[in-house]
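One structure is given below, encoded as structure tokens.
We did not get these values from a lab; they are worked out from the coordinates using the rules stated. Please read these numbers as outputs of a predicted model, since none were measured by experiment. Heads up, the Cβs are rebuilt from the backbone with ideal geometry, glycines too, and the neighbour counts pull from every protein chain shown.
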Amino acid sequence: MLSFGDNESLSRRPENTPASIALELLDPTGFIARFSRWRFPQQLGTLSYCTYVIHFAMNELVHRILLHAPPRLTNICGILATLLAAVLTLRVASLSWRFLEKPLIRRGHQHAY
């Protein structure tokens with residue numbers, strides 16, 4: 001288990017108890033609430049499922065095409081290829097949301113069950 005200098009485990013620190021975490025989540029002026037209101041995290045939340053599904057394959061594909069090697073962060077080329085894969089992953093996820101997922105959700109909401 002992770003610990004800091006005084007060997008007090010992370011789970012036993014007062015600021016990491018479920019109650020204190022819940023209070024932070026409920027505080028409208030807290031960091032988490034302010035961060036959640038920014039547009040970028042909201043967009044990432046919208047794209048998160050597709051990003052999760054395709055990120056591994058996209059990273060593998062970019063590394064194999066550009067570097068002819070599996071993904072590794074051992075040099076600048078590997079790091080740049082991974083960053084390119086991240087950008088492409090988010091772009092594909094954005095297109096998927098716009099042209100596939102959102103229209104399907106809209107169509108599903110039109111039906112009464």
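See the values below:
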| item | result |
| --- | --- |
| Choice from 31, 40, 56 with maximal GNM fluctuation in the chain (Cα, 10 Å cutoff) | 31 |
| Among 61, 25, 88: highest mean-square fluctuation, GNM of the chain, C-alpha pairs under 10 Å | 25 |
| Residue order, fewest to most beta carbons within 10 Å, for 17, 29, 51 | 29, 17, 51 |
| From the coordinates shown, Cα Rg over 2.2 N^0.38 Å corresponds to which of (i) 0.97; (ii) 1.52; (iii) 1.11 | (ii) |
| Note, ³J(HN,Hα) from phi for the range 19-29, Karplus 6.51, -1.76, 1.60, rounded to Hz, x at Gly and Pro | 5, 5, 5, 4, 4, 5, 5, 8, 6, x, 9 |
| Value of relative contact order over the chain, rounded to a whole percent, pairs C-alpha under 8 Å and six or more apart | 16 percent |
